[in-house]
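Here is the structure we will look at.
The values are calculated or read from the model by the stated rules, or taken from the named source; none is laboratory data. The structure displayed is predicted, hence computed values, not measured ones. Here Cβ is always computed from backbone atoms with ideal geometry, including for glycine, and neighbour counts include all displayed protein chains. Note: accessible area is taken over every heavy atom of the protein model, side chains too, but ligands, DNA and RNA are not part of it. Shrake-Rupley method; radii C 1.70, N 1.55, O 1.52, S 1.80 Å.
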Amino acid sequence: MPGRDAGDVLTATEKLLSAVLDRNAIATDDLISILFTATEDLVSAFPAEAARTMGLGRVPLLCARELSVEGSMPSVVRLLLHFHTDLTLDEVVHVYLDGAESLRDDLDAG
């Protein structure tokens, strides 16, 4: 994430959420809920605010603090998106952007 101000957090969150929705062809009506986590250094905005500005205000949204683990990557927003789909687990595209790809070398970053 280029910076840690509110605009940077919201822009990065919208970029991630848009990529997940696009790459998995998820329509708004298929969404059940979205859980966002942010590392402890990101304190300027709630990541869920980005989803609301994208028109997802009817979807239950929750923000939480990522565990602070020594040596972990800073300035990371993650999301766990629950949705209705006919995709198999192997067909779901997991999205990691802007260096976060290194967090999961066991998955195709999409």
Query raised in the report: For the chain, what is the accessible area per residue in Å², given a 1.4 Å probe and the full set of protein chains?
Result: 62 Å²
Query raised in the report: Name the GluC sites (Glu not before Pro) in region 60-110 that are in a loop by DSSP and that have at most 11 other C-beta atoms within 10 Å, would you?
Result: 70, 91
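Calculate the all-directions average of the projected area of the chain's alpha-carbon convex hull, and give it in nm².
Numbers: hull surface 27.0 nm².
Answer in nm², one decimal: 6.7.
Charges at C-beta only: +1 for Lys and Arg, -1 for Asp and Glu. How large is the resulting dipole of the chain about its Cα centre, in Debye rounded to 20?
Values: 8 positive and 19 negative charges, 86 e Å.
My answer is approximately 420 debye.
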Requested in this report: Calculate what fraction, in whole %, of the accessible area of the chain sits on carbon and sulfur atoms when a 1.4 Å probe is rolled over the protein chains.
Outcome: 53 percent
**Report entry** Farthest positive-ward along the chain dipole, Cα basis, beta-carbon charges - from 95, 76, 9
**Finding:** 9
